[in-house]
Amino acid sequence: MLGQVLDTLFPRTCAGCGDGPWPFCEECRLGLEVLAPPWCARCGRPWPLPVSSCPDCPPALASARAAFVFTGPARRAIHRLKYRGWRGVGAALAAAMVLGGPLPHTDVITWVPLARRRLAERGYDQARLLAREAGRQLERPVTGLLRRRVSTAPQAKRSGAERRTALQGAFEAGRRTVPERVLLVDDVLTTGATAAACAEALQVAGAREVHLLAAARSFAGSAYTRAGPRPGLWLPGDILR
């Protein structure tokens, strides 16, 4: 009821441009670059022909998937979620994440936790919000399994090797044991160093398989195959409300 009242007082607008209809106006919808086959079966990176694995597969992860390329409307939507307090964007992105293709069976959903300072600055954890929305739509349990042992500096300008070095031992499981199959949620997949560090911490606590699900994937200037918009990605009804 509160959500309906807020939507009436402050109508939600396009997450991509901020002006058109929710969740994405037609122009932004056409600008979304959807990740789809042919791709690497393990990490979901587009390739001219299907492959079982590739050099970009993040270590320690059984699989990885992302809904969009981190550019254009998807990038702007994630920035609104992370930096401008548009929490409702999480529901729209999570819908795309779970509708993008069949996901592996997992026992629980968790997320890559923010550092305490960033959590205090933003007031919420965008990865946790995505995980909770994905769990609601998939009807799977969601719980926090990880915590940061150290607060790392921003990783955006670091190479993959530098990220892996900086993130060694940065995470630990908050429980002595965790379920065997875990779905790890994050907002953006870049080199996979953060997700790999989380997966290693979960494996130390007993996880056998850790799968990653992200809203978008950044290719950091490397070439990729444009998959283009996928018709029918957005379904009408309560899933986007």
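The values are calculated or read from the model by the stated rules, or taken from the named source; none is laboratory data. Bear in mind the structure is a predicted one, so any value in this text is a computation, not a measurement. Using ideal geometry, Cβ is built from the backbone for each residue, glycine included, and neighbour counts are taken over all protein chains shown. Protein only, heavy atoms only, side chains kept; ligands, DNA and RNA dropped before computing areas. Shrake-Rupley method; radii C 1.70, N 1.55, O 1.52, S 1.80 Å.
Miscellaneous remarks
Each row is one residue, and each column tells you yes or no for (1) open to solvent by 80 Å² or more (accessible area, probe 1.4 Å); (2) touching a helix residue (DSSP H, G or I) at 6+ places or on another chain (Cβ under 8 Å); (3) part of a helix (DSSP H, G or I); (4) modelled with pLDDT of 55 or more.
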{"position": "T165", "(1), (2), (3), (4)": "yes, no, yes, yes"}
{"position": "R176", "(1), (2), (3), (4)": "yes, no, no, yes"}
{"position": "C198", "(1), (2), (3), (4)": "no, no, yes, yes"}
{"position": "L213", "(1), (2), (3), (4)": "no, yes, no, yes"}
{"position": "A223", "(1), (2), (3), (4)": "yes, no, no, no"}
{"position": "P231", "(1), (2), (3), (4)": "yes, no, no, no"}
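- Some residue of the stretch 53-65 being farther than 18 Å from L99 by Cα, assigned to a loop (DSSP other than H, G, I, E, B), touching a strand residue (DSSP E or B) at 6+ places or on another chain (Cβ under 8 Å) and free of Cβ contacts under 8 Å to residues at least 40 places away in the same chain: yes
- Boolean, L103 is open to solvent by 30 Å² or more (accessible area, probe 1.4 Å), assigned to a loop (DSSP other than H, G, I, E, B) and of a type outside the set (D, E, K, R): yes
- Subset of the stretch 80-93 [free of Cβ contacts under 8 Å to residues at least 60 places away in the same chain and touching a helix residue (DSSP H, G or I) at 6+ places or on another chain (Cβ under 7 Å)]: R87, G90
- Residues located in the stretch 68-85, provided they are surrounded by fewer than 19 Cβ atoms within 10 Å (Cβ to Cβ) and part of a loop (DSSP other than H, G, I, E, B): T71, R84, G85
- When the residues of the stretch 34-52 are filtered to those that are over 17 Å from L103 (Cα atoms) and in a loop (DSSP other than H, G, I, E, B), the one that is most open to solvent (accessible area, probe 1.4 Å) is L49.
- Taken over the stretch 1-21, residues that are in a loop (DSSP other than H, G, I, E, B) and modelled with pLDDT of 90 or more amount to 7.
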